[in-house]
Amino acid sequence: MILAWVISLLLLCASLVLHLERLSALQIITVQTIEQSQQNFIAAEIAVANCESNLTTLASLNENACFIQSIGKNIWRITSQHKPGIEIHVALDEKSGMVTRINWRQVFE
């Protein structure tokens, strides 16, 4: 009887260790996914910010990481080409050349 009890405790401990290993593997995957998503989001925001700051000199850019569309009088939509997509609307003052961000949003497909 004691032997059966000891064996059941050993099996229970082995099961616990197995579940802890699976849980820690899932936690590692979760942390890596979050870090990768944050890096991609920061890269997209930097690309959009570069396009925003160079809106008046777009012709001189060698490589453009954004889609830029005019959506009204002196209002522009700038969208990142890479995922996650970030879209901003900016107002351009032609006299001073100043660009003002109106809003931004994350684009979901």
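Would it be correct to say that Glu52 is open to solvent by 80 Å² or more (accessible area, probe 1.4 Å) and of a type in the set (Asp, Glu)?
Details: open to solvent by 80 Å² or more (accessible area, probe 1.4 Å): no; of a type in the set (Asp, Glu): yes.
It is false that Glu52 is open to solvent by 80 Å² or more (accessible area, probe 1.4 Å) and of a type in the set (Asp, Glu).
Tell me, please, whether a residue that is more than 17 Å from the chain's Cα centre (by Cα) and in a strand (DSSP E or B) can be found in segment 79-88. Reasoning before the result, please.
Kept after step one, since they are more than 17 Å from the chain's Cα centre (by Cα), are these residues of segment 79-88: none.
Within segment 79-88, none of the residues are more than 17 Å from the chain's Cα centre (by Cα) and in a strand (DSSP E or B).
Mind listing whichever residues of segment 19-54 are under 25 Å from Gln81 (Cα atoms), modelled with pLDDT of 95 or more and among the charged types (D, E, K, R)?
Within segment 19-54, just Glu35 meets the criteria.
The values are calculated or read from the model by the stated rules, or taken from the named source; none is laboratory data. Predicted, not measured: the structure shown is a model, and the values here were computed from it. Surface accessibility is based on the protein's heavy atoms, side chains included, excluding ligands, DNA and RNA. Shrake-Rupley method; radii C 1.70, N 1.55, O 1.52, S 1.80 Å.
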